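Just below is one structure, and these are the notes that go with it.
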Amino acid sequence: MNGIFYDGGDRRVHCGANLDEKAKLSTADLLDALDRAADRGEVIELYAHAPGRTVSYERLETVLARARDRGLAFLTYAELAARATGPGIALSFDDRSTAEWTDLRPTLMMFGARVTFFVSGYGYLDETGRAQLRQLAGDGHEIAAHSVNHLRAPPYVEENGLGPYLETEVVPSIAILRDEGYDVRSFAYPFGARTSELDDAILAHVAIVRSIEFPYSASIQSTCPN
């Protein structure tokens, strides 16, 4: 899974590996990957969804502790856009599980971790959810865009065109967050589904796009270009 390691430079299409238990990445492999980042001076990119539901606190704490103990800097995607280099870890959480993200605050503080929250459907959040995001941003975490309706982009573009996807899913998801005062520098593809055409179009609006990398599988083709 070389695509989840960033060694500096002007790369703008990034990829993360899924920490959620359903992804079936072993803890041993994750710890080895964190060691590789430390040994080679790379940034490892990992993501999950809802702490306590899709990924256990035990798993998150194991990863955070290893990152801290190996001296990996906790980096946001805004910092990667500003050419931050490793050794480091870029940890992100997708969708809009603001309650679970808020419950994770003490754990993140305990390890001195800053992360990126890629928010989908911000317009659907109630005031409580929006207040929770403001609190997370106040802790130093990055708030970034993850589309409006969390649709798989390539099939949508094939059926409706690139312009409509940008106009209904990408640009509004960035604009509503910027209107709320967030400096949105990055966009994560729902399901990691991307094409080079989409990359070029979305990178006109943000500095970085994030896709995902899968473990080797004969039935799943990785969407990561690296």
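Considered as a group, the residues in the range 149-207 that are assigned to a loop (DSSP other than H, G, I, E, B) and of a type in the set (D, E, K, R) include one that is nearest to ARG130 (Cα to Cα), and that residue is GLU180. With respect to ARG53, determine if the residue is surrounded by fewer than 22 Cβ atoms within 10 Å (Cβ to Cβ) and under 17 Å from the mean Cα position of the chain (by Cα). So ARG53 does not fit the description; no.
Please find, within the range 113-143, the residue that is surrounded by the most Cβ atoms within 10 Å (Cβ to Cβ) out of those that are charged (D, E, K, R) and farther than 16 Å from ASP179 by Cβ. Here the residue is GLU142.
When you scan the range 184-196, do you find a residue that is among the β-branched types (Val, Ile, Thr) and more than 20 Å from ASN18 (Cβ to Cβ), even just one? Yes, the conditions are met somewhere in the range 184-196. GLY16 passes every criterion in (1) in contact with a Lys or Arg (Cβ under 7 Å, 6 or more places away or on another chain); (2) over 29 Å from ASP200 (Cβ atoms) apart from (2). The set of residues in the range 86-145 that are of a type in the set (Asp, Glu) and either at negative phi or part of a helix (DSSP H, G or I) (or both) comprises ASP94, GLU100, ASP103, ASP126, GLU127, ASP139, GLU142. Among residues of the range 142-168 that are more than 12 Å from ILE202 (Cα to Cα), those with a Cβ under 7 angstrom from a residue that is in a loop (DSSP other than H, G, I, E, B) and not hydroxyl-bearing (Ser, Thr, Tyr), sequence gap 6+ or separate chain, pair up as ALA144/VAL184; ALA144/ARG185; VAL148/GLY121; ASN149/GLY121; HIS150/GLY121; ARG152/ALA193; PRO154/ALA193; THR168/VAL148. Considered as a group, the residues in the range 1-32 that are assigned to a helix (DSSP H, G or I) and in contact with a Leu (Cβ under 8 Å, 6 or more places away or on another chain) include one that is surrounded by the most Cβ atoms within 10 Å (Cβ to Cβ), and that residue is ILE4.
Computed from the coordinates by the stated procedures, all read-outs in this text should not be read as laboratory data. Keep in mind the model is a prediction, meaning the values are calculated, not measured. Note that each Cβ is placed from the backbone with ideal geometry, even for glycine, and that neighbours are counted across all protein chains shown.
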